[in-house]
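> First the structure, then my questions, so here it is.
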Amino acid sequence: MEVSDAELLQACRAGDARAWEQLVERYGRLVAVIPRRMGMSSIDADDVFQDVFTLLWRHLDSLRDEQRLAAWLITTTRRECWRRLRRAQEHAELPAETPADDPGLLEEIARGEREQAVRQAMLRLDTRCRDLLTALFLDASQPDYGAIARRLGMAVGSIGPTRARCFRKLDGILRELGIDSSL
Amino acid sequence: MGDEQAAAGMGATSDNHPSLDDLLTYATGSVAGLDTSSLTTHLTSCGECAGIVARYQLVAETVRADALATPAPEVLARARSLFQRSRPETPMPDFLQPVRRVLAELIFDSFGGLTPSLAGFRGSGDRHMTFVAESVQIDLHVQAPVTRAGIWQLHGQVDAVASSDSMVDLVYAGEEDAVARVRTDDQGMFALEAPAGRYDLLVRLPDVIHVLPGLSIG
């Protein structure tokens, strides 16, 4: 059974370093994706990453809604991105938007929470299914079934049926996590 | 999956659905060999199958985005090691705690002035400023009176370090009594009104007061 965010946060507050590492693992990709989507360089994205987890670390005691950790991280990450982008143009006019009235924020939170559910669902899959789906998704336009089959030690002919079986499992987990037809 | 019908396999009851394999192939966009027109028609009227396609595409997009934005091992290691530092304790009640005061530095001013003590607002028009005090950034936007004669509007935001529930006081310069006091919202935003005068803005965090000094308004 997966440890909840609230349990991890409580363990962190109690001084459990392993719980902190799990939080970083769980939400690292969610935080890393946002600055890249906002067009930031990998160096700036790394700085944002560090800033956001520093803020989380500092705010462990004061996070009020432990169930919305993903939303807090998304909001905080976007604000940190905005801050850096604005500093980069320190002598220019400030952009009209500020993080708080950023019209895309709610959409980004919804998207980020859906993507986070996908990451959780993928982690719940067995390794074989996870490896196959990842290989197919990364090579989505024209997946090379031969190469994937060789890499994963499968018969080429079994890839299609296995994909369907693995996705059916994944889809079941996604629905459990509240990701349904209302995407 | 073979001929097994997709939505039926996913728990729907109708028996006229495409196979799951066809739906997943369709979702990837590599449609050679598929009857795409009948699939497309089906998807416009079948929420169950459209949901399958949408979720498959969501997973694909997530996996691809993550592959492009995976934090480097050293970045992850730095974040993990944060826990080895001593973390600020939950603040004591105000009456038990000595509170430091830190003078905020003006780092951006849309009027061009960069000296905090001269951060005045004489003249008309809006003015944006950004202050930094330790790791906290405070944005301030001052608007000349528009609807209420002589009353200036101050809108600001304290960054995520301070986040919500900070108290912001506008006090006459060098004094302690608040002319206006407001709590930041959950985005760190605040709004104040004040007549012309010379003020300090105090941002009260649990363990420190950040002082934006000498704001001459009007």
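> Of the residues that sit in the stretch B:150-168 and are farther than 12 Å from B:Leu205 by Cα and more than 8 Å from every other protein chain (Cβ to nearest Cβ), which one is modelled with the lowest pLDDT?
Across the stretch B:150-168, the extreme among qualifying residues is B:Gly150.
> Out of (1) within 9 Å of chain B (Cβ to nearest Cβ); (2) surrounded by fewer than 20 Cβ atoms within 10 Å (Cβ to Cβ); (3) modelled with pLDDT under 90, what's the single condition that is false for A:Thr76?
(2)
> Check B:Thr147, B:Thr90 and return the single one that is in a loop (DSSP other than H, G, I, E, B), of a type in the set (Val, Ile, Thr) and at pLDDT below 55.
Just a single option satisfies the conditions, and that option is B:Thr90.
> Out of the residues in the stretch A:5-15 that are modelled with pLDDT of 90 or more and more than 9 Å from every other protein chain (Cβ to nearest Cβ), state the one that is surrounded by the most Cβ atoms within 10 Å (Cβ to Cβ).
A:Leu8
> Let me ask something else. Being within 14 Å of another protein chain (Cβ to nearest Cβ) and small (Gly, Ala, Ser) is the filter; apply it to the stretch B:169-209 and report the residue that is surrounded by the most Cβ atoms within 10 Å (Cβ to Cβ).
B:Gly188
> I'd like the residue in the stretch A:140-173 that is among the small types (Gly, Ala, Ser) and within 21 Å of A:Ala121 (Cα to Cα) and, out of all such residues, is surrounded by the most Cβ atoms within 10 Å (Cβ to Cβ).
Across the stretch A:140-173, the extreme among qualifying residues is A:Ala164.
> I'd like the full set of residues that are modelled with pLDDT of 90 or more, within 26 Å of A:Ala88 (Cα to Cα) and acidic (Asp, Glu), limited to the stretch A:16-67.
Matches in the stretch A:16-67: A:Asp46 only.
> Another one. In the stretch A:131-159, which residues are touching a residue at least 12 places away in the same chain (Cβ under 8 Å) and outside any loop (DSSP other than H, G, I, E, B)?
Residues satisfying the conditions are A:Asp131, A:Leu132, A:Leu133, A:Thr134, A:Ala135, A:Leu136, A:Tyr145, A:Ile148, A:Arg151, A:Leu152, A:Ile159.
> Shifting gears a bit: Check the stretch A:61-68 and report whether any residue there is of a type in the set (Lys, Arg), under 14 Å from the mean Cα position of the chain (by Cα) and surrounded by fewer than 23 Cβ atoms within 10 Å (Cβ to Cβ).
Yes.
> Next question, about the same structure. Does the stretch A:114-151 hold any residues that are touching a helix residue (DSSP H, G or I) at 6+ places or on another chain (Cβ under 8 Å), hydroxyl-bearing (Ser, Thr, Tyr) and more than 7 Å from chain B (Cβ to nearest Cβ), and which are they?
A:Tyr145
> Further question on the same structure: Collect the residues in the stretch A:1-56 that are closer than 21 Å to A:Arg111 by Cβ, in contact (Cβ under 8 Å) with a residue 60 or more places away in the chain and aliphatic (A, V, I, L, M), keeping them in residue-number order.
Passing the criteria: A:Leu30, A:Val33, A:Ile34.
The values are calculated or read from the model by the stated rules, or taken from the named source; none is laboratory data. Since the model is a prediction, treat every value here as computed from it, not as a measurement. Positions of Cβ are generated from backbone atoms using ideal geometry, with glycine treated the same way; all protein chains shown enter the neighbour counts.
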